[in-house]
Amino acid sequence: DDSWKEVLELFSEHTFIKAIPIRIQHANAARNHGKNSASGKYIRFLDDDDFLYEEAWRQISLLEESGADICSGRIRNIDEDGSFLGILNHPRTSDFVSASIAHTGFCLPVGNVFLRTAILDCSWNESVNRGQDQIWMLDLAKHKELNWVHLEKPVGAWFHHRGHRISIREKSGHDINLRVNAFKNLRHHLEKNNRLNTEREAALADILFLYAHKYFPYFPLKCTKLFIYLNTFRTSHTRLPFLWKIETAVASTIIVAEWVLLP
């Protein structure tokens, strides 16, 4: 609808605010439109139902001081009645690739500021309707090595509300395939370019094991194949290859247990 025009009127005197309408109703199309239209040194993607805190300006300062490509901050969960639902987990690593893989709030746009020139060659995939935030981060991680810094303080809020929200739509097999394939493609690309170290492979093993276990009741055949695929990994969250061999030795037991518990 045109309600945004009424809101924009409130900022009509602020020349630094520009509205650049787009006809395509897709978050990734809007993000690409904004990225390609931007001319500043830094860029942030902020969804219409999320908001920033004043602490967010510190991210720019940290980027200026460090010369990094990306600065992330913590994110608060806020319910529509104003209730505080907690602060999202943040990756416990200094490696951007491992951070992009981890199951945390790191990939949500509200928490990240980017050096615009560092992301010019990476467009958001407009065929992805769900989980696009992490898939784009994985594309960034695959594209090149990026220098990442982060703040421990909350810089924005992930706002939960009723009504239409892509993020609460029920997961489908297609959604799961997109994410799993993104992780597999990243692993293949890193290995091919000699960028797959122990920490990154462990992060990939952890996230794929999480998916295989979490979605087994809904997609048992897909997840069984994923358990089998995990046997090709050389390491795990233990960071000790010999312990991973012990874990893979009982992989068949895990699969049998999942099937027994399926009912």
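The values are calculated or read from the model by the stated rules, or taken from the named source; none is laboratory data. Remember, predicted model here, so these are calculated numbers, not experimental data. FYI the Cβ positions are ideal-geometry reconstructions off the backbone, even for glycines, and counts take in every protein chain you see. Just so you know, the surface numbers come from the protein's heavy atoms only, side chains and all, with ligands and any DNA or RNA stripped out. Shrake-Rupley method; radii C 1.70, N 1.55, O 1.52, S 1.80 Å.
Okay, residues lined up against (1) more than 25 Å from Phe183 (Cα to Cα); (2) surrounded by 10 or more Cβ atoms within 10 Å (Cβ to Cβ); (3) β-branched (Val, Ile, Thr); (4) out of contact with any Asp or Glu (no Cβ under 6 Å at 6 or more places or on another chain):
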residue	(1), (2), (3), (4)
Glu9	yes, no, no, yes
Ser12	yes, no, no, yes
Phe16	yes, no, no, yes
Ile24	yes, yes, yes, yes
Ala30	no, yes, no, yes
Tyr42	yes, yes, no, yes
Ile60	yes, yes, yes, yes
Gly82	yes, no, no, yes
Hey, does segment 168-187 have a residue that's exposed (fewer than 13 other Cβ atoms within 10 Å of the Cβ), more than 15 Å from the chain's Cα centre (by Cα) and modelled with pLDDT of 90 or more?
no
What's the number of the condition Thr224 fails, among (1) open to solvent by less than 80 Å² (accessible area, probe 1.4 Å); (2) in contact with a Leu (Cβ under 9 Å, 6 or more places away or on another chain); (3) not hydrophobic (A, V, I, L, M, F, W, C)?
(2)
Which number in (1) at pLDDT below 90; (2) surrounded by 18 or more Cβ atoms within 10 Å (Cβ to Cβ); (3) in a helix (DSSP H, G or I) marks the one condition that Leu208 misses?
(1)
Those residues that are among the hydrophobic types (A, V, I, L, M, F, W, C) and surrounded by fewer than 24 Cβ atoms within 10 Å (Cβ to Cβ), I need them from segment 97-109; list them, please.
Ala99, Ala102, Cys107, Leu108
Can you give me the ranges of the strands (runs of 3 or more DSSP E) entirely in segment 50-154 with at least 1 residues that are over 16 Å from the mean Cα position of the chain (by Cα) and at pLDDT 95 or above?
112-115
Log entry, pairs with first residue in segment 115-129 being open to solvent by 70 Å² or more (accessible area, probe 1.4 Å), second being in a loop (DSSP other than H, G, I, E, B), beta carbons closer than 7 Å, six or more apart or on different chains, reads Glu126/His26
Residue list for segment 66-93, restricted to those being more than 16 Å from Leu204 (Cα to Cα) and free of Cβ contacts under 8 Å to residues at least 60 places away in the same chain
Asp81, Gly82, Ser83, Phe84, Gly86, Asn89
